[in-house]
Amino acid sequence: MKMHVIRRAAERIGLFTILFLATLTLAACASAPLPPTESLNMARDAITSAEQAEARRYAAAELEEANRHLVAANEAVAAERMTEADRLAKQARIAAELAIARTEAAKAAEINREMERGAEALDEEMQRQGDPQ
């Protein structure tokens, strides 16, 4: 009789444990995933850096793409599609970083052109001074 009581108690404990774990699992699945805050912040920071680097002048298409992806990421967060929001935020950051790189390359090309013009002007001046008139 005592074994029978112990066995039933063990069965009940097992049943309650299974029910508890099932409830815990359902609660975990039912809660909405967290927004990709870090990815969104990194995207915003990259876009701000691109704007400060004058990307609107030198890499407007890339900067606009970054802004479009960020808007879409925020819309995905509002619709609770967090995986998509994370992907879009990362794409926004990459587009902004590309805009920064293109801006830096364009600025470097401008500096090189200026230096070439200066060198040409210096060569012309040296030739004029070297030729007696």
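A simple rule links phi to the HN-Hα coupling: the Karplus curve 6.51 cos²θ - 1.76 cosθ + 1.60 with θ = phi - 60°, which for the range 70-83 gives 5, 4, 5, 5, 5, 5, 5, 4, 4, 8, 6, 9, 5, 5 Hz, with x for Gly and Pro.
In whole percents, the pair-distance distribution calculated for the range 34-81 from its alpha-carbon pairs, binned every 5 Å from zero, is 5, 23, 28, 21, 13, 8, 3, 0. Against the criterion of solvent-accessible heavy-atom surface with a 1.4 angstrom probe, SER49, SER39 sort, most first, into SER49, SER39.
The values are calculated or read from the model by the stated rules, or taken from the named source; none is laboratory data. Since this is a predicted model, take the numbers as computed values, not measurements. When the accessible area is computed, the model is the full protein with side chains, heavy atoms only, and any ligands, DNA or RNA have been set aside. Shrake-Rupley method; radii C 1.70, N 1.55, O 1.52, S 1.80 Å.
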